[in-house]
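Working notes, beginning with the structure itself.
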2 protein chains.
Amino acid sequence: MDREKIKALVQEVVQNSLGQSAKMVPIAASNRHIHLSVAHVERLFGRGYELQKQKDLSQPGQFAAKETVTLIGPKGKIEKVRVLGPARGDTQVEVSLFDGFTLGVKPPVRQSGNIKGSESITVQGPRGQLILKEGLICAARHIHMHPRDAETFGVSDGDLVQVKVDGDRGVIFSNVLIRSSERYKLEMHIDLDEANAAGLQNGTLGEIIAIERPSNGMGGCGCGCNGKGKD
Amino acid sequence: MDREKIKALVQEVVQNSLGQSAKMVPIAASNRHIHLSVAHVERLFGRGYELQKQKDLSQPGQFAAKETVTLIGPKGKIEKVRVLGPARGDTQVEVSLFDGFTLGVKPPVRQSGNIKGSESITVQGPRGQLILKEGLICAARHIHMHPRDAETFGVSDGDLVQVKVDGDRGVIFSNVLIRSSERYKLEMHIDLDEANAAGLQNGTLGEIIAIERPSNGMGGCGCGCNGKGKD
């Protein structure tokens, strides 16, 4: 082990221990949900149908719709799965791995927007059914942030960081993707399995304690959307 | 920050980076299950009934029984919950926090055996029903090990350690309790929420990377059982 590496490690450890660089991020647990294309909104809810807003979500422009659907897998089904709006390019279903067991399918852990070759699922709406060949994923943990936050925190879009959550069920999450855009508000998104594993309460803050891998220069989600990707 | 503390931190970091002290532990995910007292076996399955072994578990003497029960909460029920044997002193039900949502109850995160003031639940068997005032918990993460392993790893019964799991969903679990006894075989136990959050595959190994808090001298589970506790 060379002298420079030891020096860098020591600096990092001492800085962290002195708490000079607390980088706190609010954490929100995402329950299962579905994003629908315009065509699929019509398929499930009827011709010319438009999603009705129930409430705004934390990310600007995004909302929980009044509409829900049923997911049907080979082993089971899950009812009342919330539709998120507005309608977007591709339909995408996000569930936890636990939901995958319930349905009898294996959603791959993917960044939003990266659905190629992902799991298939059947979606039932009040006016029609949709058989998705792909589109079911388990959303990979990520942090939305404005470029101002990224600058403050010393991170870049596409970085993978470690986030520490304290408490009886304290955990440190690895491979948390930084997604920076002027459209984003500071918030970390994890799924219900991860929230339960960390004993997460509403309003819990996580701390970015290390950059694990700097950006690959391809933009946040690595799906080729070049940072214009989905939530 | 004083010189001694910095020195200790540096030693720790350098040791870990050199990989001189890899302390690997096999991890097993525990699905929901119930331990029953002799009296409660009879209440649920009939007078004089004895549990039938289906298969041995990793911890010596413990087995999965052929019998299952149904858990009934205010919001929902969960069927086919496995009974573990042999019958023991107190009945104890272990579920995940997700199961808690399904049932409509809030199991506290506790070490096995520490059920005082824990959540209530109704248990249905083929021959009778049991209303537990307390006994429903979410089992806190822990590592069973033989005193020989403890010596090798440089840990003691009752220590709280950090365990790192690699992979796309890599996490570091904090507050993992060391439970050392001659009756135990080396294995870390987590619940399904935690296993999913870590993307755990069968046979995954975790690495003990730090002792967070040394033993309080009260024995492993902190429940007053003085190390004679349950699994």
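Computed from the coordinates by the stated procedures, all read-outs in this text should not be read as laboratory data. The structure presented is a predicted model; accordingly, all values stated were derived computationally and were not measured. Quick reminder, even Gly has a Cβ in these numbers, built from the backbone with ideal geometry, and neighbours come from all protein chains shown.
A crude spin-label estimate for the pair A:ALA22 and B:ASN31, with each label 7 Å from Cα along the Cβ direction, gives 4.3 nm. Starting from the label point of A:GLY167 at 7 Å along Cα→Cβ, the same points in the other copies fall at 2.2 nm, in ascending order. Which number comes out as Rg/Rh for segment B:32-139 once both Rg and the Kirkwood Rh are worked out on C-alpha atoms? The Rg/Rh ratio comes out at 0.94.
Sorted largest first, the principal axis extents computed over the alpha-carbon atoms of segment A:133-194 equal 40, 31, 17 Å. Remark: label point of A:VAL38 defined 7 Å out from Cα along the Cα-Cβ vector; separations to the same position in other copies 7.3 nm, ascending.
What is the angle, in °, between the Cα long axis of helix B:3-18 and the longest principal axis of the Cα atoms in chain B? Nearest 10 is fine, range 0 to 90. Long axis of B:3-18 versus the principal axis of chain B: about 70 degrees. If you run the Gaussian network model on chain A, springs between alpha carbon atoms under 10 Å, then out of A:ASN31, A:ASN202, A:ASN175 the most flexible one is A:ASN202. Straight-line reach from B:LYS106: which aspartates and glutamates fall under 14 Å, measuring Cα to Cα and dropping same-chain residues less than 8 apart? Partners within reach: B:GLU94, B:GLU119, B:GLU134. Across A:GLU119, A:GLU182, A:GLU50, mean-square fluctuation computed from a Gaussian network of chain A (C-alpha pairs under 10 Å connected) peaks at A:GLU182.
What full-extension length gain, to one decimal in nm, is calculated for A:ASP168 and A:ASP56 as 0.36 nm per residue of separation minus the Cα-Cα distance?
Numbers: separation 112, 0.36 × 112 = 40.32 nm, distance 3.19 nm.
Here the answer is 37.1 nm.
Summary of packing: across the peptides A:79-86, B:86-93, A:127-134, the per-residue average of other C-beta atoms within 10 Å ranks them, highest first, as B:86-93, A:79-86, A:127-134.
Express the relative contact order of chain B as a whole percentage, based on alpha carbon pairs under 8 Å and six or more residues apart in sequence.
Details: 535 pairs, mean separation 51.3, N = 231.
Relative contact order comes out at 22 percent.
Most mobile of A:ASP149, A:ASP168, A:ASP193 per a Gaussian network model of chain A (Cα springs, under 10 Å)? Fluctuation is largest for A:ASP168.
Report the normalised scattering of the protein assembly as shown as log10 I(q)/I(0) at q = 0.10 Å⁻¹, calculated by the Debye formula with identical scatterers on the alpha carbons. Summing over Cα pairs of the protein assembly as shown leads to -0.82.
Per the Debye calculation on chain B with a single equal scatterer at every Cα and no solvent contribution, log₁₀ I(q)/I(0) for q = 0.14, 0.16 Å⁻¹ amounts to -0.91, -1.14. Under 20 Å from a label point set 7 Å out along the Cα-to-Cβ vector of B:ARG213, the amide N atoms of segment A:165-187 belong to A:165-173.
Distance distribution P(r), segment B:21-70, all Cα-Cα pairs, bin width 5 angstrom from 0: 5, 15, 24, 22, 13, 8, 5, 4, 3, 2, 0 percent. The other copies place their A:THR70 label points at 2.1 nm from this one, listed shortest first, where each point is 7 Å from Cα along Cα→Cβ. Hey, which of these cross-link pairs are over 24 Å Cα-Cα: A:LYS164/B:LYS164; A:LYS77/B:LYS53; A:LYS77/B:LYS80? A:LYS77/B:LYS53, as the Cα separations exceed 24 Å there. Inter-chain Cβ neighbour count for A:181-193, averaged per residue, equals 2 (cutoff 10 Å, partner chain atoms only). Summed over qualifying helices (DSSP H, 4 residues or more, each -39500 (n - 2.57)) and divided by its residue number, chain B shows a 222 nm mean residue ellipticity of -5500 deg cm²/dmol.
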